[in-house]
Amino acid sequence: MKFTVNTPGATRQRTACAIVAIYSDGVLSDTAKALDKASGGMITGVINNRDIRGQAGETLFLTHTGKLPCKRILLVGLGTAGKLDQRGFRKAARAAFSALGKGGYANAISFLGLEAVSDADAYRKTRIAVELWHETSYRFTTMKSAPSPEASRLKSIGLACETGDKRKARLALKHATAIAGGVALARDLGNLPPNICTPDYLVKRAQAIGRTSKKLRVTALRAADLRKLRMGALLAVTQGSELPPRFIVLQYRGTAAKTKPVVLVGKGITFDSGGISIKPGAAMDEMKYDMCGGASVLGVMQAAAELDLPLNLVGIVPACENMPSGTATRPGDIVRTMSGQTVEILNTDAEGRLILCDALTYAQRFKPAVLIDIATLTGACLIALGRVRSGLLSNSDELADALLGAGQNAGDRAWRLPLDEEYGELLKSPFADVANIGGRDAGTITAAAFLARFVGKTSWAHLDIAGTAWVQGSNKGGTGRPVPLLMEYLLQSV
């Protein structure tokens, strides 16, 4: 898709479709007023006929536009005039692009960005528009034998903004394109079946990302390397699978070597059967999404390199399967982690924290400025927060606040949960330094409390994306979250 930044003036610009805002109670935007006047009252006519009321997210196509330079007009409701915020703008833009994608138009111009949004400037409005177009037009057809009949015919979209805002809008277009590419990569990896998206496959995709920039270096450790590093927890998870584990490290150097990096660690369980503590059969196919934390790290690394961000960034993806077999880890086994701490494995389905604890220990060698792990870690987070917000736990108020703010701005929201020391008491084991589960109470928090034992004094945050990494139902598929949140955080850091 080609995006361009356009100036106002809907009555002068030729396009197959003009996307125009109206408000509830018959209030027209300035663009709608101009087109209404030039058409002899076409827009007020459909409003008076109650064909559209201007409610937020409501849409209506006008196809008989007479002598207007736009062949069609897509009216989009923005709700009450003067009360439009970023959330309402997102809802309207998503509805507009969803409707537009179903048409047979070759090009369009959106004038929605000319509207005042209380908590979004021209940069943010452009970012929202571009990212939402990519979100709504995304189709996963890799495994189909024939192209999707729903594919959009659109080739270009113009985004109108005030003349003085063109520079901001073009910067936003650049950022949004890279972020959308990272989101699409994460979605693709999540949607691939587990017989294709294996640990070795993730290595190949990481190496492909590495070839896009001279500032990227990719290393992929094998099982023998992990044994030398004494990653007993990670190796315990993978020992029931015939597929060997891989440990992927991407290093991006965008500034002076002495500058401490941001380190991202993403859970990469390419299929999670639960191991000996096997999961119920219903919806077990969705456990291919248990590598979405790792997928999001790869998406961020790709976007950061594409934007040539002036920072140092490390992405770590411990990748393996969790399968039941005669060699699989048993409940009651005790393993020694890379840190030297011992873990009693009471439930083999609590495997994500086991691969992450060794990865977090490994991450310390980079002396991170901040350390963020991302994982589809606990069903308890889905129960607590549903599919709206990701769970956030941290040992740093400053880092937590920055991530929460980034998520709010990016429309990829998180919610902070507590991490009091008392929660760690639930992980006590009579036989090892710590147990890998703490019972039914506060499952998301105790999982994070387990991980906190392996980060030392590093400024650290944990994002539990069990509820946000994919959606169910008729639109089943990966979401690419939290790539937007993480990229917003990095952009605000430079």
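The values are calculated or read from the model by the stated rules, or taken from the named source; none is laboratory data. None of these values were measured; they are calculated from a predicted model. FYI the Cβ positions are ideal-geometry reconstructions off the backbone, even for glycines, and counts take in every protein chain you see.
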Exercise. Taking strands (runs of 3 or more DSSP E) that do not extend beyond region 1-120, which have at least 3 residues that are crowded, with 20+ Cβ neighbours inside 10 Å, of a type in the set (A, V, I, L, M) and modelled with pLDDT of 95 or more?
Worked result: 18-22, 73-77
For this session: Give the residues of region 262-280 that are touching a Lys or Arg at 6+ places or on another chain (Cβ under 8 Å) and either modelled with pLDDT under 95 or not in a strand (DSSP E or B) (or both), sorted by residue number.
Result: Ser273, Ile276
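Could you list, in sequence order, all residues of region 241-296 that are of a type in the set (Val, Ile, Thr) and within 20 Å of Pro331 (Cβ to Cβ)?
Ile269, Ile276, Ile278
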For this session: For region 224-239, indicate whether the set of residues that are within 25 Å of Trp470 (Cβ to Cβ), buried (at least 22 other Cβ atoms within 10 Å of the Cβ) and in contact with a Gly (Cβ under 6 Å, 6 or more places away or on another chain) is non-empty.
Result: no
Exercise. (1) crowded, with 19+ Cβ neighbours inside 10 Å; (2) farther than 23 Å from Gly275 by Cα; (3) of a type in the set (D, E, K, R): which one isn't true of Asp308, the others all being true?
Worked result: (1)
Exercise. Going by the structure shown, is Gly210 surrounded by 20 or more Cβ atoms within 10 Å (Cβ to Cβ) and in contact (Cβ under 8 Å) with a residue 40 or more places away in the chain?
Worked result: yes
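For region 192-232, which residues satisfy the criterion of being part of a strand (DSSP E or B), more than 16 Å from Gly299 (Cβ to Cβ) and not hydroxyl-bearing (Ser, Thr, Tyr)?
Within region 192-232, Arg217, Ala220, Leu221 meet the criteria.
So that you can scan it fast, the table gives a plain yes or no per residue for (1) of a type outside the set (D, E, K, R); (2) under 27 Å from Gln408 (Cβ atoms); (3) in contact (Cβ under 8 Å) with a residue 60 or more places away in the chain:
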{"site": "Gly77", "(1), (2), (3)": "yes, yes, no"}
{"site": "Ala81", "(1), (2), (3)": "yes, yes, no"}
{"site": "Arg90", "(1), (2), (3)": "no, yes, yes"}
{"site": "Ala95", "(1), (2), (3)": "yes, yes, no"}
{"site": "Lys102", "(1), (2), (3)": "no, no, no"}
{"site": "Asn107", "(1), (2), (3)": "yes, no, yes"}
{"site": "Leu114", "(1), (2), (3)": "yes, yes, yes"}
{"site": "Asp119", "(1), (2), (3)": "no, yes, no"}
{"site": "Trp133", "(1), (2), (3)": "yes, yes, yes"}
Exercise. Does Ala257 meet the test of being free of Cβ contacts under 8 Å to residues at least 60 places away in the same chain, out of contact with any Lys or Arg (no Cβ under 8 Å at 6 or more places or on another chain) and crowded, with 16+ Cβ neighbours inside 10 Å?
Worked result: no
Problem set entry | Lone qualifier among Arg139, Arg124, Arg187, Arg167 - being without any contact (Cβ under 8 Å) to a residue 24 or more places away in the chain and within 22 Å of the chain's Cα centre (by Cα) | Arg139
Exercise. Name the residues in region 382-418 that are surrounded by fewer than 18 Cβ atoms within 10 Å (Cβ to Cβ) and either in contact with a Ser or Thr (Cβ under 8 Å, 6 or more places away or on another chain) or among the polar types (S, T, N, Q) (or both), would you?
Worked result: Arg387, Val388, Ser396, Glu398, Gln408, Trp415, Arg416
For this session: Just one of (1) surrounded by fewer than 24 Cβ atoms within 10 Å (Cβ to Cβ); (2) under 19 Å from the mean Cα position of the chain (by Cα) trips up Ala466, so point out which.
Result: (1)
